[in-house]
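Written out below as structure tokens is the structure these notes cover.
The values are calculated or read from the model by the stated rules, or taken from the named source; none is laboratory data. Remember, predicted model here, so these are calculated numbers, not experimental data. Cβ atoms come from the backbone with ideal geometry, glycine included; neighbour counts cover every protein chain shown. Accessible surface is based on the protein model in full, side chains and every heavy atom, while ligands, DNA and RNA are left aside. Shrake-Rupley method; radii C 1.70, N 1.55, O 1.52, S 1.80 Å.
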Amino acid sequence: MAVLLHLSDTHFGTERTRVVEALLRCLARQTVDVAVMSGDITQRARPAEFRLARAFVDRLRALLPAVPLLVLPGNHDIPLFDLRRRLFRPFGSFRRTFGEALEPEYEDDSLQLQLVNTVTRWRHTAGVVDADQIERVAHRLAAARPGQLRVVVTHQPLAVTRGADAADLARGHAAAIQRWGLAGADLLLGGHIHLPYVQPLTVADTLGPVRRLWVVQAGTAVSRRIRHEAGNSFNLIRHGAGACVVERWDYQEAADDFACCMRTPLALDRH
């Protein structure tokens with residue numbers, strides 16, 4: 001099976017050094033085909049934090065030299081206090097560190113992967129999926145080849161499991177779920193709230209049957225900004241031959257290592 005590595009919310013500037021080292025040791029033992037980081041790579045978009053983030057990415061690429069790595073900005077990756085930079089060059093440091101593309105894409109025989117930038121300079125934490133993004137992603141989903149796992153990645157979540165997290169939903173989430181689900185999306189990956197979970201969704205229209213897709217959220221990989229109910233974690237998504245399993249790997253304090261703590265098989269809907 002092919003393996004997609006999903007890291008999120010590293011928040012460099014608040015990283016736990018021993019967790020960073022444990023993560024890299026763990027990933028050195030894994031077989032990974034593609035990797036994605038779904039935003040909030042830094043804590044406050046400061047130059048020193050981007051340098052730390054780039055050093056981590058360089059080490060990750062050295063461990064996985066043949067693995068494509070796609071990086072998505074989060075709301076913490078644009079300046080908060082430097083209003084001039086926020087208004088006129090919000091993604092300047094991100095682009096200098098990770099390249100010009102804010103919505104990179106990847107495709108191979110088993111995977112179609114699209115990253116959607118939900119960050120806006122006009123909002124502090126809230127994200128937005130606009131109509132143009134929804135249509136662009138939907139058209140590409142509809143053109144996916146048979147057998148490809150169709151994955152869309154945003155920073156802010158498109159669905160939540162708790163009412164307390166509803167304020168963190170990306171604006172436009174309902175329209176995106178409906179359109180992307182009917183266009184063939186299998187997985188919607190995200191981060192932002194530092195809470196890992198897997199949640200099924202269903203979409204339907206008057207002309208077709210009900211279709212199921214899945215929201216897969218990642219926790220914070222290495223930051224000390226953890227939720228009380230969730231520590232540091234990342235996801236491995238194994239897929240192939242119509243099957244898909246999400247593995248959640250949690251940092252174990254006593255062992256100073258990551259271990260797989262949950263495996264969730266996903267029933268993929270191919271009609």
* State which residue is farthest from residue 25 (Cα to Cα) when the search covers only segment 60-80 and only residues that are part of a helix (DSSP H, G or I) and touching a helix residue (DSSP H, G or I) at 6+ places or on another chain (Cβ under 6 Å). => 77
* Structure fact -> Residue count, segment 100-118, condition open to solvent by less than 20 Å² (accessible area, probe 1.4 Å) and touching a His at 6+ places or on another chain (Cβ under 7 Å), comes to 1
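When you check residue 97 against the structure, is it among the polar types (S, T, N, Q) and open to solvent by 40 Å² or more (accessible area, probe 1.4 Å), yes or no? Spell out how you get there, then give the answer.
Details: among the polar types (S, T, N, Q): yes; open to solvent by 40 Å² or more (accessible area, probe 1.4 Å): no.
Considered against the rule, which asks whether it is among the polar types (S, T, N, Q) and open to solvent by 40 Å² or more (accessible area, probe 1.4 Å), residue 97 comes out as no.
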* Structure fact -> In segment 151-178, anything more than 15 Å from residue 134 (Cβ to Cβ), open to solvent by 10 Å² or more (accessible area, probe 1.4 Å) and outside any loop (DSSP other than H, G, I, E, B) is listed as 163, 164, 166, 167, 168
* Residue list for segment 189-244, restricted to those being without any contact (Cβ under 8 Å) to a residue 24 or more places away in the chain and in contact with a Ser or Thr (Cβ under 6 Å, 6 or more places away or on another chain) -> 210
* Restricting to segment 230-265, what's the tally of residues that are farther than 18 Å from residue 16 by Cβ and not in a strand (DSSP E or B)? -> 2
* Across segment 209-226, which residue is nearest to residue 194 (Cα to Cα) among those that are open to solvent by 80 Å² or more (accessible area, probe 1.4 Å) and in contact with a strand residue (DSSP E or B) (Cβ under 7 Å, 6 or more places away or on another chain)? -> 212
* To do: State whether one or more residues within segment 121-132 are at pLDDT 95 or above, surrounded by 18 or more Cβ atoms within 10 Å (Cβ to Cβ) and closer than 25 Å to residue 262 by Cα.
  => no
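For residue 212, state whether it is assigned to a strand (DSSP E or B) and in contact with a Pro (Cβ under 7 Å, 6 or more places away or on another chain).
Working: assigned to a strand (DSSP E or B): yes; in contact with a Pro (Cβ under 7 Å, 6 or more places away or on another chain): yes.
Yes, satisfied.
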* Name the pairs: first residue in segment 110-136 and of a type in the set (D, E, K, R) and assigned to a helix (DSSP H, G or I), second residue modelled with pLDDT of 95 or more and crowded, with 19+ Cβ neighbours inside 10 Å, Cβ to Cβ under 8 Å, at least 6 apart or on different chains? -> 135/179
* Asked: Which of the residues that make up segment 14-28 are in contact (Cβ under 8 Å) with a residue 60 or more places away in the chain, crowded, with 20+ Cβ neighbours inside 10 Å and assigned to a helix (DSSP H, G or I)?
  -> 19, 20, 22, 23
